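Engineer: To start, I am sharing the structure in question, which I have written as structure tokens.
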Amino acid sequence: MKQAAYPVALGQVLEVEITGYTSEGQGVARVEGLAVFVAGAIRGERVKIKIAHLGHTAAYGDILQVLRPSPERREPACPYARDCGGCVFWHMSYEEELRAKAQRVTDALNRIGGQSLDTVPITGSPAQTGYRNKAQYPVAQVKGRPEAGFFRPRTHQVVPVSRCRIQGREADQAREVLVRWMTENRVPPYDEKTGTGLVRHLYVRTARATGQVLVCLVVNGDGIPQEKRLVENLLKSVDNLCTICLSIHKKPGNAVLGDKFVTLYGPGYIEDTLCGLRFRLSPRSFYQVNRDQAERLYETAIGLAGLTGTETVLDLYCGTGTITLALSRRAGKVIGVEIIPAAIRDAKENAVRNHVENAEFFCADAAQAAKKFAEEGIHPDVIVVDPPRKGLDETVVKAMAQMAPEKIVYVSCDPATLARDIKRLTEQGYTLTHAEALDMFPRCAHVESVVRLSREKL
Ligand code: SAH
């Protein structure tokens with residue numbers, strides 16, 4: 001749509017009805033067929049807005065006044081809710097947030113995935129605050145001082161946040177020590193425009209079951225000044241701190257962690273328990289951010305695999321082997337594939353420490369590994385996939401179809417790519433036989449889904 005054809009103009013004030021939500025959690029209104037996205041608005045509300053931006057396919061409005069509030073409207077429990085780009089759902093009840101998320105998954109599966117499902121069930125997170133086990137705070141100069149916090153929505157301006165409601169206290173404690181150490185020692189924050197300065201991100205990971213904490217400082221250099229002082233202060237102030245490391249990251253770009261790690265204190269990893277197993281977690285290895293919900297997710301996925309103890313199961317995108325090892329107790333043999341070498345090292349180590357002898361791990365691109373397995377004539381009974389947001393490569397879909405497992409269990413963090421892949425798999429002779437959503441990220445826009453596809457009997 002050309003801008004000239006827009007039924008609204010920049011700066012125009014108008015009243016609209018909110019009829020749904022975007023995938024980022026904004027309210028959606030329609031003005032003569034044009035979608036208008038309104039952050040902080042709730043379905044069913046009538047709001048007075050000012051058009052703040054005209055995009056390619058939608059306009060964006062800022063709320064001036066809520067004329068008819070929804071009964072689901074709540075006073076945000078987080079004082080940073082308006083400025084911080086981390087969470088998007090503080091202004092509504094958790095029940096309404098769950099309805100929005102279930103609707104998003106259902107709409108994607110129906111519209112993109114070619115299904116005709118009633119609203120999929122969603123399991124909410126019992127904990128809606130303090131559930132996250134990973135914090136990644138960008139560090140920047142704010143009003144002449146080093147600060148760490150979150151980016152303002154759609155910008156790279158850092159909003160200093162001293163207490164994040166969805167994190168544990170450890171992240172706040174580490175943040176406070178870091179900012180003080182940078183101020184006292186005149187350590188410059190990284191400036192992404194010029195590529196100068198030292199400290200880029202603070203990364204804190206907590207193992208919720210064991211309590212162990214890892215702090216990692218991401219730096220644009222090979223070391224830090226006053227290293228001993230920082231280590232001592234962190235150990236004094238951060239509860240259960242077990243290990244401290246540096247991530248050396250000198251390349252421009254948005255990736256949070258660099259490839260090289262230097263351990264300043266402790267073993268360089270922490271350990272958590274999940275599904276009755278003990279896992280070693282390096283900073284670079286993927287680990288679900290909501291541990292308790294991850295356990296529910298994996299149990300659901302394993303239940304959907306319907307194993308009897310004899311099957312061969314392939315787990316693509318296996319990370320540190322969490323799902324693979326949990327599956328191993330119910331299967332004859334499990335094979336995990338993952339692209340990050342550190343995660344595969346963790347996965348192999350995790351198999352040993354949990355006395356799992358029927359698991360094999362390969363460090364490879366999922367597409368290449370799947371293609372190779374298919375060419376070798378390997379026929380797993382079940383394939384589990386848990387890809388990143390971009391979903392499955394076409395090659396993976398084709399290779400999976402060639403391996404022809406009875407069941408495919410797909411764990412997804414992006415309903416749109418999940419739906420696209422379901423469509424592709426139905427074209428390869430699979431039928432969607434189960435779909436549900438699970439909320440891992442209360443107050444944030446993301447939602448997790450788990451589905452099963454079964455092979456049509458020939
Ligand atoms: N199943 C694991 C990890 C899921 S996250 C768990 O639940 O903990 C997705 C994983 O896919 C990440 O570990 C990421 O490193 C990995 N990954 C991303 N691209 C990949 C690719 N092309 N091939 C194999 N693994 C990939």
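Engineer: Report the local net charge at S449: Lys and Arg +1, Asp and Glu -1, summed over other residues whose C-beta lies under 9 Å from its C-beta.
Structural biologist: So the environment of S449 carries a net charge of -3.
Engineer: Express in nm, to one decimal, how much length is gained between K50 and A209 on full extension, taking 0.36 nm for each residue of separation and deducting their alpha carbon distance.
Structural biologist: Between K50 and A209, full extension yields 52.6 nm more.
Engineer: Please work out how much length the chain gains when fully extended from S237 to R169, using 0.36 nm per residue of separation minus the C-alpha to C-alpha distance, in nm with one decimal.
Structural biologist: Difference between extended and current length: 23.4 nm.
Engineer: Only Cα pairs under 8 Å and at least 6 apart count here; give the relative contact order of the stretch 3-73 as a rounded whole percent.
Structural biologist: 30
Engineer: Looking at the stretch 134-274 only, what percent of DSSP beta bridges run antiparallel? Nearest 5 please.
Structural biologist: 75
Engineer: Right, something else. If you take every residue apart from L234 with its C-beta less than 15 Å away from the C-beta of L234, what net charge results, scoring Lys and Arg +1 and Asp and Glu -1?
Structural biologist: Here the count lands on 0.
Engineer: What are the ³J(HN,Hα) values, in whole Hz, obtained from phi via the Karplus relation 6.51 cos²θ - 1.76 cosθ + 1.60 with θ = phi - 60°, for each residue of the stretch 226-233 in sequence order, with x given for Gly and Pro?
Structural biologist: Values per residue, Gly and Pro as x: 6, 4, 4, 5, 5, 4, 4, 5 Hz.
Engineer: Just order 182-188, 22-28 by mean Cβ neighbour count inside 10 Å, highest at the front, would you?
Structural biologist: Result, highest mean Cβ count within 10 Å first: 22-28, 182-188.
Engineer: Related question: The stretch 3-73: percent of C-alpha pairs farther apart than 16 Å?
Structural biologist: Percent of Cα pairs beyond 16 Å in the stretch 3-73: 37.
Engineer: Within the stretch 134-274, how many Lys pairs sit with Cα atoms under 29 Å apart, leaving out pairs fewer than 8 places apart on the same chain?
Structural biologist: Going through the stretch 134-274 pair by pair, I get 22.
Engineer: Which whole-number percentage describes the relative contact order of the chain, with Cα contacts under 8 Å and a sequence gap of 6 or more?
Structural biologist: Working: 1039 pairs, mean separation 53.8, N = 458.
The value is 12 percent.
Engineer: Find the Cα radius of gyration of the stretch 296-443, compare it with 2.2 N^0.38 Å by division, and give the number to two decimals.
Structural biologist: 0.98
Engineer: Could you work out the equivalent-ellipsoid semi-axes for the stretch 134-274, taking the square root of 5 times each eigenvalue of the Cα gyration tensor, largest first, in whole Å?
Structural biologist: Its equivalent ellipsoid spans semi-axes of 22, 17, 15 Å.
Engineer: I've got another one for you. At 1.4 Å probe size, with the rest of the protein present, what percent of the exposed accessible area of the stretch 392-458 is carbon and sulfur atoms?
Structural biologist: 49
Engineer: Going 7 Å from the Cα of R389 in the Cα-to-Cβ direction, what parts of the stretch 279-312 have a backbone nitrogen less than 17 Å from that spot?
Structural biologist: Once the point is set 7 Å along Cα→Cβ of R389, 286-290 turn out to lie under 17 Å by backbone N, inside the stretch 279-312.
Engineer: Rounded to the nearest 5, what is the percent of antiparallel bridges among the DSSP beta bridges in the chain?
Structural biologist: For the chain, the DSSP antiparallel bridge percentage is about 65.
Engineer: Which residues in the stretch 415-443 place their backbone N less than 19 Å from a point set 7 Å from the Cα of D118 along the Cα-to-Cβ direction?
Structural biologist: Under cut-off, by backbone N: 432-438.
Engineer: Then there's this: Under a point spin-label approximation (7 Å from Cα along Cα-to-Cβ), what is the E184-R111 distance to one decimal in nm?
Structural biologist: 5.3
Engineer: Just to be sure I understand the curve: with the Debye formula and one point per C-alpha of the chain, what is log10 I(q)/I(0) at q = 0.10, 0.12 Å⁻¹?
Structural biologist: -0.82, -1.14
Engineer: As a test, work out the antiparallel percent of DSSP beta bridges whose residues both lie in the stretch 304-458, rounded to the nearest 5.
Structural biologist: Approximately 45 percent, going by the DSSP bridge assignments.
Engineer: Enumerate by residue number the trypsin sites (Lys or Arg not before Pro) in the stretch 356-449 meeting two conditions: DSSP loop (anything except H, G, I, E, B), and at most 15 other Cβ atoms within 10 Å of the site's Cβ.
Structural biologist: When the trypsin sites (Lys or Arg not before Pro) of the stretch 356-449 are filtered for loop state and at most 15 Cβ neighbours within 10 Å, R389, K390 remain.
Engineer: While we're here: Evaluate E = 1/(1 + (r/R0)^6) for S93 and D365, where r is the Cβ-Cβ distance and R0 equals 45 Å; express this FRET efficiency to the nearest 0.05.
Structural biologist: 0.60
The values are calculated or read from the model by the stated rules, or taken from the named source; none is laboratory data. Note that the structure is a prediction, hence the values are computed from the model and not measured. Here the Cβ is made from the backbone with ideal geometry for all residues, glycine too, and neighbour counts use every protein chain on show. The area values use the complete protein model at the heavy-atom level, side chains included, leaving out ligands, DNA and RNA. Shrake-Rupley method; radii C 1.70, N 1.55, O 1.52, S 1.80 Å.
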